[in-house]
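I have placed the structure first, in the form of structure tokens, so that the comments after it can refer back to it.
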Amino acid sequence: MEIIGTVQKILDLQIYKNNFKKRELLIKTEEQYPQILIIEFILEKTKLLNSLKKDDKIKLFINLKGKKWTTKTGETRFFNSIQGWKIETMTTMTETDRDKTRDKKTETDKTKKEKKRNRNKKPKKPKKPKQEKKPKKEFDELPF
């Protein structure tokens with residue numbers, strides 16, 4: 001899966017038993033209803049966060065993980081995590097660039113709609129010039 005968003009915060013490296021490493025990233029998604037998500041990077045993937053800084057626009061490649069856990073009292077619980085495994089930095093667009101891109105897209109959409117509309121129309125036949133009617137003569141309708 002992929003997520004596009006802006007880096008909000010990069011948390012410190014955590015080291016657990018058996019040299020297990022984990023580092024987390026807060027990202028704000030770019031969608032109609034933006035979300036703040038925490039993405040974890042483990043073991044060697046923690047190094048992927050070294051080149052990032054706050055407000056970088058990135059594309060994250062992630063896996064959703066679900067785990068079952070039994071407490072000491074025997075209660076079974078489930079939890080989910082989001083693990084990152086690849087990061088691509090994206091070019092930052094200024095507001096002006098965004099407006100230009102949106103305007104070009106709008107113009108292109110209009111042109112496409114116009115072409116489609118014109119394609120569905122039947123070509124008009126050219127009108128023949130009107131000829132003046134000549135008055136009928138008495139003998140014009142005779143068979144010979």
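The values are calculated or read from the model by the stated rules, or taken from the named source; none is laboratory data. A quick note: this is a predicted structure, and the numbers were derived from the prediction, not measured. Cβ: placed from backbone, ideal geometry, glycine included. Neighbour counts: every protein chain shown. Only protein heavy atoms, including side chains, enter the accessible area calculation; ligands, DNA and RNA are left aside. Shrake-Rupley method; radii C 1.70, N 1.55, O 1.52, S 1.80 Å.
The 3J(HN,Hα) values that the Karplus relation (6.51, -1.76, 1.60; θ = phi - 60°) gives for the range 37-49 are, in residue order, 10, 9, 10, 9, 10, 10, 6, 6, 5, 4, 5, 4, 7 Hz. Gly and Pro appear as x. Placing pseudo-labels 7 Å out from each Cα toward the beta carbon at residue 111 and residue 65 gives an inter-label distance of 4.8 nm. For an R0 of 22 angstrom, estimate the FRET efficiency from the Cβ-Cβ distance between residue 44 and residue 4 and round to the nearest 0.05. Computed FRET efficiency for residue 44 and residue 4: 0.40. Residue 77 sits with roughly 110 Å² accessible to a 1.4 Å probe, with DNA, RNA and ligands left out of the calculation.
Largest to smallest in accessible area, the residues 75, 24 fall in the order 75, 24 (1.4 Å probe, all protein chains included).
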